[in-house]
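K.L.:
Handing you this structure, nothing more for now.
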Amino acid sequence: MSDSSNTPRGAAPRPDPGAIVRLSTAYWDSQTLLTANRLRIFDLLVDGAKSADEVAAALQLDPRAAGLFLRACAGLGLLLEGAGRFQNSPASAMFLVSRSPAYMGGAIRYSDQLYATWGSLEDALRSGCPALPAETYLGDDPERTRTFVQAMHGRALGIARALVGILDLAGRRAMLDVGGGPGTYSVLLTEKFPELRSEVLELPGVAAVAREIVAAAGATGRVSLRDGDYHHSDFGSGKDVVLMSGMFHRETERTCRNLIERASDCLVKGGLVAVSDVFTDEGGTHPPFAAMFGLNMMLTAPDGGVHSDADVMRWMADCGLRDLRVVPLPPPMPHRVVLGVKP
C-alpha cells in the first residue's frame, strides 16, 4: 500500500516501489520450486514428515544448507513445518508428488530447463534470435527431445482434460492433430468419443517418443502418428476435425493464416477447426502471463511470440470459416480455444 501520510490533499499518491522490489527477486521463489521439484523432495516426504537432517541424508545434501532450503520451501507454502520436521503442503501433495493423478512435476521440469535460457534475454533482444535453438529439443538431441516431449505430455494432460470438456466431437470420425506433440489430446479425445480416430502429424524425433506415449495409453488402435513437418506436409482430405494446439505461438501471422487455410481445405462441409493456445487480448499486453509467454517463445523459437484470439478469429473469417467463437479453458490454465466451422 502506498504511503499517503505526507501526500498533499488532492495530489496523486506516491508510487509504491514494492511491486518492483518483488519482481527483482521473483527468481528466488521460482528457483526454489524448480530445485525442490528436481530433487524430488515432495516424493521423499510423501509418507510423512522428516527432519532437515533426514532429508539431507536421503538426498546427499549438506545438513545446514538443507535446513535453510526446507524452511524457505515452508515460507513459500510448498511445505509445512512443525517441531523441526517438514511435510508436504496439501497443494504440493496433490500437484508435486509423482504418484498423484494431478502431478505437474513433469511440466515444471520444462520450466527448469529454460531457466538458463531466460538469463540470455538481453542477448536475444539484441540479436533477434532465440537463445535456445529449437532443433535441440525437437529432434537433434534425442535425450533433450525425450525430456521435452515427456514434459509436454505432463502439461498437456491437464490442458487436454479441460479441452475434452469443451469440444463436442460426437458423431465426428476423422481428426487431424497438427503438430500434436506427445499425442495427449488425441488419446483423451478418442477415449471420450469412441467413434473418433485421430492422426497426429509431428516431426520424426517428437513422433518417435509420442508413439511410446500413445502405446502406453493403450490407444494405438485409435491414434496414429505420421512423421512430417506441418509447414509443408499434406493435410489430406475428408477430415471432420482439425486440431491445432500449442502451435501458433511458434509461428508468424503469415504461417498461421496458411495453416488455417490448409486446415479448412482438408475438412468436409461442417468440419471443425479448433485452435488452442495461450492468447492475449487485443492489444497484446493482457493477460500478463500471455504477454510474458510471448517472451518465452521468442527465446526458444525463431518466429516465437504470442497472438491475440481476436486476430485468430479474423484469420478464420478471412478463410471463410463461420460460427466463430472463443472459449477460455477454466482457471488457472491460461489457454483459450478459437473455434470455426466450414460452411
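K.L.:
Beta carbons within 10 angstrom, averaged per residue: use that to sort the peptides 117-126, 221-230, highest first. Walk me through the numbers before you get to the answer.
P.N.:
Numbers: 117-126: 13.1, 221-230: 17.7.
In descending order of packing, they fall as 221-230, 117-126.
K.L.:
Restricting to the chain, what percent of DSSP beta bridges are antiparallel, rounded to 5?
P.N.:
Values: 18 of 39 bridges.
Here the share of antiparallel DSSP bridges comes out near 45 percent.
K.L.:
Can you give me the % of accessible surface on the chain that is carbon or sulfur? Probe 1.4 Å, all protein chains present, nothing else counted.
P.N.:
56 percent
K.L.:
May I pose another question? Hey, any idea what the orientation-averaged projected area of the convex hull of segment 183-283's Cα atoms comes to, in nm²?
P.N.:
On the way: hull surface 28.9 nm².
Result: 7.2 nm².
K.L.:
For segment 275-330, report the convex hull volume of the alpha-carbon atoms normalised per residue, in Å³, without decimals.
P.N.:
Values: hull volume 5.0 nm³, N = 56.
Per-residue hull volume (Cα only) is 89 Å³.
K.L.:
Percent relative contact order of segment 165-317, based on C-alpha pairs within less than 8 angstrom and at least six residues apart?
P.N.:
On the way: 270 pairs, mean separation 30.9, N = 153.
Relative contact order of segment 165-317: 20 percent.
K.L.:
Another one. For segment 93-183, what log10 I(q)/I(0) values come out of the Debye formula at q = 0.10, 0.13 1/Å, with one point per alpha carbon and no solvent?
P.N.:
For segment 93-183 at q = 0.10, 0.13 Å⁻¹, log10 I(q)/I(0) is -0.38, -0.62.
K.L.:
How much area per residue is accessible in the chain when the probe is 1.4 Å and only protein heavy atoms are counted (Å²)?
P.N.:
On the way: 17190 Å² over 343 residues.
Result: 50 Å² of accessible area for each residue.
K.L.:
In addition: Given 180, 193, 125, which one lies farthest toward the positive end of the charge dipole of segment 112-252, if we put +1 on the Cβ of every Lys and Arg and -1 on the Cβ of every Asp and Glu?
P.N.:
193
K.L.:
Where does the chain land on the Kirkwood hydrodynamic radius, alpha-carbon pairs, in angstrom?
P.N.:
Values: mean 1/r = 0.0450 Å⁻¹.
Result for the chain stands at 22.2 Å.
K.L.:
What's the angle, to the nearest 10 degrees (0 to 90), between helix 204-216's Cα axis and the longest principal axis of the chain?
P.N.:
80 degrees
K.L.:
Report the dimensions of segment 240-343 along its three principal axes from the alpha-carbon atoms, largest first, rounded to Å.
P.N.:
38, 29, 20
K.L.:
Let me ask you something else. Counting only Cα, what are the radius of gyration and maximum Cα-Cα distance Dmax of segment 7-54, in Å?
P.N.:
Cα radius of gyration and Dmax of segment 7-54 are 20.0, 59 Å respectively.
K.L.:
Also: For segment 11-91, how big is the tail of P(r) above 23 Å, as a whole percent of Cα pairs? Mind showing how you got there, number by number?
P.N.:
Values: 935 of 3240 pairs.
The calculated P(r) of segment 11-91 puts 29 percent of pairs beyond 23 Å.
K.L.:
Taking +1 at the Cβ of each Lys and Arg and -1 at the Cβ of each Asp and Glu, which of 203, 285, 255 sits farthest along the dipole of segment 203-343 towards its positive end, judged by Cα position relative to the Cα centre?
P.N.:
203
K.L.:
Ok, one more. How big is segment 24-156 by the Kirkwood estimate over distinct Cα pairs, in Å? Intermediate results must be reported in sequence, preceding the final value.
P.N.:
Details: mean 1/r = 0.0616 Å⁻¹.
Value: 16.2 Å, from the Cα pair sum.
K.L.:
Kindly rank 256-265, 321-330, 179-188 from highest to lowest mean number of other beta carbons found within 10 Å of each residue.
P.N.:
179-188, 256-265, 321-330
K.L.:
Report, to the nearest 10°, how far helix 26-39 tilts away from the longest principal axis of the Cα atoms in the chain, using its own Cα long axis and a range of 0 to 90°.
P.N.:
In the chain, helix 26-39 runs at an angle near 80 degrees to the longest axis.
K.L.:
Right, something else. Measure nothing but the geometry: give the 0 to 90° angle between the long axis through the Cα atoms of 309-318 and the longest principal axis through the Cα atoms of the chain, rounded to 10°.
P.N.:
Taking Cα atoms only, the helix is inclined about 10 degrees.
K.L.:
Now for a separate question. Tell me the relative contact order for the chain as a rounded percent, counting alpha carbon contacts under 8 Å between residues six or more apart.
P.N.:
Working: 577 pairs, mean separation 39.5, N = 343.
That works out to 12 percent.
The values are calculated or read from the model by the stated rules, or taken from the named source; none is laboratory data. Here the structure is a predicted model, which is why all the values come from computation and not from measurement. All Cβ positions, glycine included, derive from the backbone under ideal geometry; neighbour counts span all protein chains shown. The protein model used for the area step is the full one, side chains on, heavy atoms only, and it has no ligands, DNA or RNA in it. Shrake-Rupley method; radii C 1.70, N 1.55, O 1.52, S 1.80 Å.
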